[in-house]
């Protein structure tokens, strides 16, 4: 089985879907000859031609708006937004159009499409190449929000997203693009959306995380284990619709929970997990839920490594809920 | 060359690629002509030095201005002290001309504690409040609308200010281009829209950007004139910009100025342009080098002696080297800057988040630079 | 580029100066009847709204010729991406008034299952009349995408995309025309310049010399037509569709017309449109204009109009009566069609709503288990 980086797995997933389904079209800014600014679409134009992989004008509103029309009319658009920070001109098309089309037309028109976009910090990208905007989108019924953290999941989730009958926002943790490697099967396979992944078992504390925070939490869990605390690390990997049953099961097994994300805390995804626990599992809890998150500030540049939760902040939180 | 309405006296070119005069020149002051040369040369020297620093891993990112020096220096030289310059990625050289100290320029490239943006922006995102040069966001086109709003404010206040809004060819597809041009037309806002058409939006050529490659013709959609000039001819850029600034200042509203030039390097230090464009195309533009052209012109006019350019260059490089040396030694921003400037005051929840962060950092023994608990 | 005089076909005496509209007598009368039906539908909706039986309506008086002339140029395999003031296009292609009326009442038979406001129609048969969205201009890039998809598959399809003068300021306009120009997508952009974007007149909307001139910014032809001249609109749209089908790409058509009412039933135009302007445009009534042509062709008498009006009035009255008799959509329609399948959390929310409705004794669809 080949060993790939996460970005190579994304490329492989696109390749696989394009090969098996001629309706899959990949487009966006710089995705053709350049192969995307992170090379996610490298060689797709060469292999499938400019008909299937092509550049668009510099307009996110145009990219997503036309993708919706293509999807309504039988293509499978896989649109790339160069950085998640640049998605906001298309916010209207995503939130008010793609996500609501099925509902407002009574199912007569639908927009099965994938919007791929790199998100998150870790590349010294400053305020506008680092944001984690998942919470904006998780507040949007009709949209699915998927975030892989391993090469295997990246490919399997991407293929599943492309085949999904609903619009999927596929957020790729750019910090992991080249920093994680893993075995990835050749050809077609899928990872079901709305399922979680147990990264590490442990009976003392549960840590929920996703994207680039998964390796951070894993490292923290390993450090905690050295001190005798066994941590269950759960990669949520589909935020919407979330596998709530799996989340609550994991909560009930330890009663001690840490939620980690790099996005700001206020109204972040951790708030949803905390509320879910308060509503459905409060009687199992041995300690208050702790959120380890980015600060409620814009994303900095020079000091980004302080902004993003690191394994020490997570370890501190694990120990806190364990010793509570 | 596209000309619409009263801007018909604007010339597309004064200096040919070989430096020969192709159109009758206005009266110029010799000292001014020489100054322009120094500005052009400084841009190139700074640019080359920054690229070297990036390649040796000392700074993170450079958006090279190579090949576009005349476009930015020429158009910006026409701006008056009170005018504003709304920049994109590749106008930092014009900021230097407008008065941005070289030390601040280099500090911004190092994102250190001398950086006026406090290390929060990526490299190559300059600002200089004293010369009305606001900080750019990395998002394409957003500054176009900001410039129109600011120009509207000046008009409402009765202040004589023209706002020069810079953007690339790719930005003509962005949402704010459409909104801002439309609003400026309706409001007759004192704006000069400077479209620096350098042929490539990262890897996307004009043919994939628009079916109307004559960008100046887009102006008619918003009821304003559109003018195109040779962007590698610093005098043509300056004269066109001057005419449009005067026009805007006189209350005749906005105009679109397209300066045709070429980005000789990649989009940024992270980009490899050989993947998407032919070497022949780059070669042909290297032959149209804006600085060589202007140098030839000055020499012919007797304003630059043989070898004098080398002397100027040597002194520019010395200044740059000593500045780099000083800025490299500067400290990074203190940790507290993480939570400052989010709001006018640091709110309670951010103070708490910072103190919690500091507690953990101290516990693991690496609270940097002696930052204590948040003092507010 | 200078804006030209609008293209006209029907002259003051009803002559067409040799133009062959390419429509049979039946088809011409169908155009005429459709315009009357639009007006009848409008009239009854206004009554229903004023009497509180429906919440909202959008008047179409004055722009019937633009709608019907454009629709008459489209084939059943084409797609219509309408604005909220275009239902004449649906009627022309055979959508039944009652199916529109279901939407006006938001009842259980409404295609959008009562989820949309009135006048936000959606049809897939007998022609693709794409679900209308309230935000301005969002459907323009979607039309380009749909046309692009057909183009890629080599299918004979043109997207007719209709919007108002105000829509030209929207982001969707800029993105869509730009993308369509680059892709040479088979799209006809129909800008219905009816003079007003709610209360904003054209001169506050743009400084450009008309709207058709904007086409040049995107490298496509721009055409101005008299929007109250059904045959002129038809001629322009036929030519644009022929160009699109021949692979020559998109066209922007500006149809100059006038909205004879308010923006909607919630709007009072007397506050911002001078009365003289209404009086002037009333003389240019598009139905009367078409009548002069039909009369000159020996197809029209005042009695014919009376007869057809009686027919369409009866039809829309019956439609309103039938639609009013249909109950509201069942509670589960709140929770369905969000995704292809109902996810667990929405199912749980639906079940809770049902349980509450059952306990409170007002479950609309019988209460009990969530049915989906």
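The values are calculated or read from the model by the stated rules, or taken from the named source; none is laboratory data. Remember, predicted model here, so these are calculated numbers, not experimental data. Ideal geometry is used to build each Cβ from the backbone, glycine not excepted, and the neighbour counts take in all protein chains shown.
The table that follows gives values for the structure above.
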quantity: Any hit, segment B:188-202, residues being without any contact (Cβ under 8 Å) to a residue 40 or more places away in the chain and more than 21 Å from the chain's Cα centre (by Cα); calculated: no
quantity: Tabulated pairs, segment A:1-18, first without any contact (Cβ under 8 Å) to a residue 40 or more places away in the chain, second in a helix (DSSP H, G or I) and surrounded by fewer than 23 Cβ atoms within 10 Å (Cβ to Cβ), C-beta under 6 angstrom, 6+ apart or interchain; calculated: A:18/A:48
quantity: Qualifying position, being within 30 Å of residue A:124 (Cα to Cα), out of contact with any helix residue (DSSP H, G or I) (no Cβ under 9 Å at 6 or more places or on another chain) and away from every other protein chain (no Cβ under 14 Å), among B:318, B:326, B:279, B:344; calculated: B:318
quantity: All positions within segment B:134-167 that are surrounded by fewer than 22 Cβ atoms within 10 Å (Cβ to Cβ), in contact with a helix residue (DSSP H, G or I) (Cβ under 7 Å, 6 or more places away or on another chain) and more than 24 Å from residue A:84 (Cα to Cα); calculated: B:152, B:160, B:161
quantity: Condition met for residue B:85 (at pLDDT 95 or above and part of a helix (DSSP H, G or I)); calculated: no
quantity: Residue among C:210, C:227 that is surrounded by fewer than 23 Cβ atoms within 10 Å (Cβ to Cβ), over 24 Å from residue C:156 (Cα atoms) and either modelled with pLDDT of 95 or more or within 14 Å of chain B (Cβ to nearest Cβ) (or both); calculated: C:210
quantity: Selected residue (only one of A:216, A:145 is buried (at least 22 other Cβ atoms within 10 Å of the Cβ), within 14 Å of another protein chain (Cβ to nearest Cβ) and part of a helix (DSSP H, G or I)); calculated: A:216
quantity: Residues satisfying the stated conditions in segment A:278-304, i.e. in contact (Cβ under 8 Å) with a residue 60 or more places away in the chain and part of a helix (DSSP H, G or I); calculated: A:304
quantity: Scan of segment A:39-63 for residues that are farther than 17 Å from residue A:18 by Cβ, out of contact with any strand residue (DSSP E or B) (no Cβ under 6 Å at 6 or more places or on another chain) and more than 7 Å from every other protein chain (Cβ to nearest Cβ), ordered by number; calculated: A:60
quantity: Helices (runs of 4 or more DSSP H) wholly inside segment B:231-335 that include at least 3 residues being in the same structural domain as residue B:69 (by TED's automatic domain parsing) and loosely packed, with under 14 Cβ neighbours inside 10 Å; calculated: B:279-286, B:308-328
quantity: Output for segment B:103-121, where each listed residue is buried (at least 23 other Cβ atoms within 10 Å of the Cβ), over 15 Å from the mean Cα position of the chain (by Cα) and free of Cβ contacts under 8 Å to residues at least 24 places away in the same chain; calculated: B:121
quantity: Test: residue C:69 is touching a strand residue (DSSP E or B) at 6+ places or on another chain (Cβ under 9 Å) and either crowded, with 23+ Cβ neighbours inside 10 Å or under 30 Å from residue C:245 (Cα atoms) (or both); calculated: yes
quantity: Residue B:7 being at pLDDT 95 or above, in a helix (DSSP H, G or I) and touching a strand residue (DSSP E or B) at 6+ places or on another chain (Cβ under 7 Å); calculated: no
quantity: Only listed residue being in the same structural domain as residue C:50 (by TED's automatic domain parsing), in a helix (DSSP H, G or I) and in contact (Cβ under 8 Å) with a residue 40 or more places away in the chain, chosen from C:318, C:314; calculated: C:318
quantity: Qualifying positions in segment B:101-121 - assigned to a loop (DSSP other than H, G, I, E, B) and closer than 20 Å to residue B:138 by Cα; calculated: B:111, B:112, B:115, B:116, B:117, B:118, B:119, B:120, B:121
quantity: Residue check, residue A:267 closer than 30 Å to residue B:333 by Cα, touching a residue at least 12 places away in the same chain (Cβ under 8 Å) and more than 14 Å from chain B (Cβ to nearest Cβ); calculated: no
quantity: Any helices (runs of 4 or more DSSP H) falling wholly within segment C:67-160 and containing at least 3 residues that are facing another protein chain (nearest Cβ under 8 Å); calculated: C:139-153
quantity: Any hit, segment C:252-271, residues being more than 18 Å from residue C:191 (Cα to Cα), without any contact (Cβ under 8 Å) to a residue 24 or more places away in the chain and in the same structural domain as residue C:39 (by TED's automatic domain parsing); calculated: yes
quantity: Residues that are out of contact with any helix residue (DSSP H, G or I) (no Cβ under 8 Å at 6 or more places or on another chain) and either closer than 19 Å to residue A:234 by Cα or more than 10 Å from chain B (Cβ to nearest Cβ) (or both), drawn from segment A:287-307; calculated: A:305
quantity: Residues (in contact with a helix residue (DSSP H, G or I) (Cβ under 8 Å, 6 or more places away or on another chain), crowded, with 16+ Cβ neighbours inside 10 Å and at negative phi) located in segment B:9-24; calculated: B:10, B:11, B:12, B:13, B:14, B:15, B:16, B:17
quantity: Subset of segment C:342-364 that is outside any helix (DSSP H, G or I) and surrounded by fewer than 17 Cβ atoms within 10 Å (Cβ to Cβ) - its residue that is farthest from the other protein chains (Cβ to nearest Cβ); calculated: C:361
quantity: Test: residue in segment B:93-102 that is within 13 Å of chain A (Cβ to nearest Cβ) and either out of contact with any strand residue (DSSP E or B) (no Cβ under 8 Å at 6 or more places or on another chain) or crowded, with 23+ Cβ neighbours inside 10 Å (or both); calculated: no
quantity: Selection count where residues are surrounded by fewer than 22 Cβ atoms within 10 Å (Cβ to Cβ) and outside any loop (DSSP other than H, G, I, E, B), scope segment C:321-341; calculated: 8
quantity: Residues of segment B:217-230 satisfying the condition of being closer than 30 Å to residue B:33 by Cβ and either at the interface with chain C (Cβ under 10 Å from one of its Cβ atoms) or in a loop (DSSP other than H, G, I, E, B) (or both); calculated: B:225, B:226
quantity: Single match in C:215, C:306, C:240, C:236 (criterion: more than 21 Å from the chain's Cα centre (by Cα), assigned by TED's automatic domain parsing to the domain that holds residue C:67 and buried (at least 21 other Cβ atoms within 10 Å of the Cβ)); calculated: C:215
quantity: Residue in segment A:48-60 that is within 24 Å of residue A:123 (Cα to Cα) and surrounded by fewer than 21 Cβ atoms within 10 Å (Cβ to Cβ) present; calculated: no
